[in-house]
Amino acid sequence: MGQGRGFSAIIVSLCVLLLLSHMALATTYVVGDDKGWGFNTANWPAGKRFKAVYKYITVFNYNPSIHDVTKVDVNGYQSCDSSKAIEKHRSGHDEIKLGSGTTYFICSIPGHCQQGMQIAIHAS
């Protein structure tokens, strides 16, 4: 009976270690750094390396009464068209997980994307 409990404790410990190591691989980036999500953030990812083996969380900080964060496909990004949005966020502090490949975001408020409120983040 004592051996069963010891084995269970080892399994639980291994599961906790696995969970902690997975959490350690997560990296959080705040879009626009201290300035937050706003106009002319398109170049913000420059110099940052996003690797698909890690889980990246992007945080968009902005005033929700005048902006939003809309995830779009490449066509929506290039044309600043949110009509086929993949998802839309309006909290003012949105934490969004990135997958591998390129993820596209725009502000869907009329004119904002055209004024530079768009960002493409690539995780390889």
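No lab work stands behind these numbers, since they all come straight from the coordinates. Quantities reported herein were computed from a predicted structural model and do not represent experimental measurements.
Restricting attention to region 26-123, the count of lysine pairs at 8 or more positions apart or across chains with alpha carbons under 17 Å apart stands at 8. Across region 71-76, coupling constants 3J(HN,Hα) worked out from phi with the 6.51/-1.76/1.60 Karplus curve, θ = phi - 60°, read 7, 10, 8, 4, 5, x Hz, and Gly and Pro carry x.
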